[in-house]
Amino acid sequence: MPATKEIKCVDDDCELDMFENHYTYDVPDDHTVEDLSCPYCGETDTLEEIDL
């Protein structure tokens, strides 16, 4: 099963509460949430992975 990460944007001005990132291919070991940007506000330094 491909990996899935749930991510939230903590920017107070962003209305997105969370999104899921589904990986359907192998990603490099050094790929982290810091490599992503918020799909709503576009910020890159306000994302945090949600640990379930």
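The values are calculated or read from the model by the stated rules, or taken from the named source; none is laboratory data. Given the structure is predicted, the values throughout are model-derived calculations rather than measurements. Because the Cβ atoms are built from the backbone with ideal geometry, glycine has one as well, and the counts that use them run over all protein chains shown.
Report yes if Tyr40 is in a loop (DSSP other than H, G, I, E, B) and surrounded by 12 or more Cβ atoms within 10 Å (Cβ to Cβ), otherwise no. Taking the combined requirement at face value, the residue satisfies it.
Scanning segment 17-37 for residues that are under 13 Å from Lys5 (Cα atoms), of a type outside the set (Val, Ile, Thr), exposed (fewer than 14 other Cβ atoms within 10 Å of the Cβ) and touching a residue at least 12 places away in the same chain (Cβ under 8 Å) turns up Met18, Glu20, His22, Tyr23, Glu34. Of the set (1) modelled with pLDDT of 95 or more; (2) in contact with a Lys or Arg (Cβ under 6 Å, 6 or more places away or on another chain), all apply to Val10 but (2). The residues of segment 7-16 that are surrounded by 12 or more Cβ atoms within 10 Å (Cβ to Cβ) and out of contact with any Cys (no Cβ under 7 Å at 6 or more places or on another chain), listed by number, are Ile7, Lys8.
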